[in-house]
């Protein structure tokens, strides 16, 4: 059984090369796999291994000033979901490209998973905004949520300009997979004039952990070989197209244009655009 952890933290990091070498050594010795991103603004990681190995890594990370309270989201899998171990240095731990957005200094107000469920249960007037990419959203999202309409998170600022001006005075709860994209999306929206912005603390994965699938339809795309997890944080039957990297539902895998290791209904040369799944999903 493998323990999968996902955690990020916006806090100043220095001497990144030295830290990178140290973490590479720990991950190699502990046979961990996944990705760790280090930047001057903080850390973002998705790693899997044995429970004891994960604890060794977390102990090292929590020894860094400002990272003592790292609290990862956990899930479990029968197989190792990552192919290799990467420790990379980046300008940003989540690519956004907008100057002056610094979650380590200022972020939007957060609400817990249980609070969001309560708000929805009670019928509180709010707008749910999914900040993820379109290909992730098509695998599942909260009922009634508005998709940001982006293929990459860097497009989010342009997408905000297309939102209805009426939303600037409404209560908006934004969400993503684990919460990190909202850390930048929230302050940006506030700077653009949206007055009541909240972010779902811990994202969809934390919501699944605490509230199950209430008010959520479908699965949650994850960036590893599991492809998607359900509301019980279990690996699903979803697959990834070898050619176009589109996540595919079990039903789409039964489509005659899905050829394992080759193409799928979204990219097969003979597909008819008017009848393709990509058109139906829009």
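Scan the range 54-62 and tell me whether some residue there is part of a strand (DSSP E or B) and in contact with a strand residue (DSSP E or B) (Cβ under 7 Å, 6 or more places away or on another chain). Within the range 54-62, none of the residues are part of a strand (DSSP E or B) and in contact with a strand residue (DSSP E or B) (Cβ under 7 Å, 6 or more places away or on another chain).
Residues in the range 207-223 that are surrounded by fewer than 21 Cβ atoms within 10 Å (Cβ to Cβ) and under 23 Å from residue 32 (Cβ atoms): 209, 223. Taken over the range 71-97, the residue count meeting the criterion of being surrounded by 14 or more Cβ atoms within 10 Å (Cβ to Cβ), in contact with a helix residue (DSSP H, G or I) (Cβ under 8 Å, 6 or more places away or on another chain) and not in a strand (DSSP E or B) is 4. In the range 164-171, is there at least one residue being in a loop (DSSP other than H, G, I, E, B) and without any contact (Cβ under 8 Å) to a residue 12 or more places away in the chain? For the range 164-171, residues in a loop (DSSP other than H, G, I, E, B) and without any contact (Cβ under 8 Å) to a residue 12 or more places away in the chain: present. Here residue 252 clears all of (1) more than 23 Å from residue 152 (Cβ to Cβ); (2) modelled with pLDDT of 95 or more; (3) in a helix (DSSP H, G or I) except the condition numbered (1). Restricting attention to the range 154-170, the residues that are buried (at least 16 other Cβ atoms within 10 Å of the Cβ) and either closer than 10 Å to residue 129 by Cβ or in contact with a strand residue (DSSP E or B) (Cβ under 7 Å, 6 or more places away or on another chain) (or both) add up to 5.
Got a sec? Which of 208, 198 is assigned by TED's automatic domain parsing to the domain that holds residue 120, in a strand (DSSP E or B) and in contact (Cβ under 8 Å) with a residue 12 or more places away in the chain? One residue alone meets the criteria, 198.
The values are calculated or read from the model by the stated rules, or taken from the named source; none is laboratory data. Bear in mind that the values here come from a model prediction, so they are computed numbers and not experimental data. Every residue, glycine among them, receives a Cβ derived from its backbone with ideal geometry; neighbour counts consider all protein chains shown.
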